[in-house]
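Novice: Attaching a single structure in structure tokens format; questions to follow.
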Amino acid sequence: MDRSKFIFENEISERAYRKAVKNKAKFIRKYGDDTDAVYHLAPQPAPAIGKALGVRQLVLSDSSECRFDGKSLVIGNIRMGFGHYRISMAIASAAHSMSYEPYWFDLHSFKDAACGKIIAEQNELYSLGSRLSQRFGLFNKLVWEPLNSEGFRKLTYNSSDQKTAELMTPVFHDLPKDIPFVATHVWPSQAAVHAGLTHVVNAIPDNWPMGLHLSEGAIHTVQTPSSYLGYRALRGMDKKRQLKPMPKEAIVYTGHYIDHELVSNIERDCIKRVYRAAGGKTKRWLMSVGGAGAQKEIFAAVIRKLLPEIKAGRAALFINVGDHAAVWRDLLAEIPQMKPFLHEHFDDFKETQRFCSEVYEREVSGIHAFCHSDIFAAVYSTNLLMRCSDILITKPSELAFYPIPKLMIKRVGGHEAWGAIRSAEIGDGTYECSTPAETIAMIDMIQKGGDIIEKMCKHIITAKKAGIYDGAYHAVELAVGSDK
């Protein structure tokens, strides 16, 4: 079956198909065609999460060193920002809690293979677009927002990606065809299907249905009921015709993809937040700063707003810049007033773990900045910090679905808008605060009283009882139990 020509029985136009073929040819000219190559894999402990979540990372090797068994589960992903790694960690955590052995399979990390080179190029382009969208309002309005909301929505976009994914199959050589495979980005899902894997789950990250995320041949999982209906109907993916829907067996609503450590401790963490809020204790703010450098203006405004409260001991601020030290240097240069209150936790993941464990049980003050050059530590540090924080400041991306009170700042790309809508409707986060002034006003309201944090925690506990945060467990169950 040519998955670029027909998508869920919807025929792609000859013009769009030729464009998909041409796009694949372009990548072959740039990076070569290694579809006949044989790549071998070897497992090694994954940094930071290897011991905690039992994760082994698959790397290219001269010979096959993998010994998979009935408890093995492969997590296909790519490094594109932090989001897909974060969702992968949630799947790994759930799998580990269910006694499965998770293997980390990052197509972007295979630098010597064509797939790694293609994804690296796409990642650079997306990162550039994110930065430009925040610097130039006209570019954001005319290019970036339409591309992320409507451009990626088109079924023809999926046709082109499917054709390119045919070049990504060689690295799957050592994987058994029937091994459970959960992909947290569509490219490894599409490539897995092209490679002949039969138990593939395509864990869709966004709450806005887009043709970009389709991987026919896999079981699609979504985090929300509205997303389920949108994908099932292939809503708006072709403006000129009503498309045939996805078959019901191809898509499942699972709930939010959340780590076992967070889900299993929701009640305990929320009780501590409510105790601090009701007792007038220091409020703990957590900022997760993206590496693209987007939203710097908003982050700087947040820090300036909180500085008087930090100085008075009424607020503490945790800032995780991931693996982007340059972003932190820029923030520090712009706001040198932070220095008297600043504690830096850089490139020492064990110390970060100790800090989070200690402040979970005791008071904390000042500003604490976290930066780790290792991507695993960089991403997972936010997970650790969430448990000892009262409110998370984030754009409405993958973190919009996490069980912690959230202040939603301006989105980066139109597709993120529906993440904030979901959080606001559940009640575990604010609506999207689209300007620095609106963000500052929300901070002021939350900082001056404890009622908003208390209400959000109540909604989080209610949502847990409804199974809303169980998506990672269900994705694993589908992968190990499906018989396609």
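The values are calculated or read from the model by the stated rules, or taken from the named source; none is laboratory data. Remember, predicted model here, so these are calculated numbers, not experimental data. Every residue, glycine among them, receives a Cβ derived from its backbone with ideal geometry; neighbour counts consider all protein chains shown. Quick note on the areas: whole protein, heavy atoms, side chains included, nothing else; ligands and nucleic acids left out. Shrake-Rupley method; radii C 1.70, N 1.55, O 1.52, S 1.80 Å.
Novice: Could you list, in sequence order, the residues of segment 91-115 that are assigned to a loop (DSSP other than H, G, I, E, B) and in contact with a strand residue (DSSP E or B) (Cβ under 8 Å, 6 or more places away or on another chain)? Write out each step before concluding.
Specialist: Our first condition is that a residue be assigned to a loop (DSSP other than H, G, I, E, B); within segment 91-115, this holds for 98-100, 110-113.
Y100, F110, D112, A113 - these are the residues of segment 91-115 that are assigned to a loop (DSSP other than H, G, I, E, B) and in contact with a strand residue (DSSP E or B) (Cβ under 8 Å, 6 or more places away or on another chain).
Novice: Further question: Which strands (runs of 3 or more DSSP E) sit wholly inside segment 362-437 and have at least 1 residues that are out of contact with any Pro (no Cβ under 7 Å at 6 or more places or on another chain), within 22 Å of Y228 (Cβ to Cβ) and in contact (Cβ under 8 Å) with a residue 40 or more places away in the chain?
Specialist: Details: elements: 366-371, 391-394, 406-409, 429-433.
Here the list is empty.
Novice: Run W328 past the list (1) over 30 Å from V193 (Cβ atoms); (2) touching a residue at least 60 places away in the same chain (Cβ under 8 Å); (3) aromatic (F, W, Y) and report the number of the one that doesn't hold.
Specialist: (2)
Novice: Taking P209, is it open to solvent by less than 30 Å² (accessible area, probe 1.4 Å), without any contact (Cβ under 8 Å) to a residue 60 or more places away in the chain and assigned to a loop (DSSP other than H, G, I, E, B)?
Specialist: Judged against the criteria, P209 is a match.
Novice: Let me ask you something else. So in segment 141-157, with the set limited to residues that are open to solvent by 20 Å² or more (accessible area, probe 1.4 Å) and among the polar types (S, T, N, Q), which one is farthest from the chain's Cα centre (by Cα)?
Specialist: T156
Novice: Could you tell me how many of the residues in segment 74-133 are farther than 20 Å from D34 by Cα, open to solvent by 20 Å² or more (accessible area, probe 1.4 Å) and aliphatic (A, V, I, L, M)?
Specialist: Of the residues in segment 74-133, 5 are farther than 20 Å from D34 by Cα, open to solvent by 20 Å² or more (accessible area, probe 1.4 Å) and aliphatic (A, V, I, L, M).
Novice: Is it the case that segment 165-181 has a residue that's touching a Gly at 6+ places or on another chain (Cβ under 7 Å), touching a residue at least 60 places away in the same chain (Cβ under 8 Å) and in a strand (DSSP E or B)?
Specialist: The answer is yes; a qualifying residue exists.
Novice: Additional query: It is to be established whether one or more residues within segment 231-250 are open to solvent by 30 Å² or more (accessible area, probe 1.4 Å), in contact with a Pro (Cβ under 7 Å, 6 or more places away or on another chain) and among the charged types (D, E, K, R).
Specialist: yes
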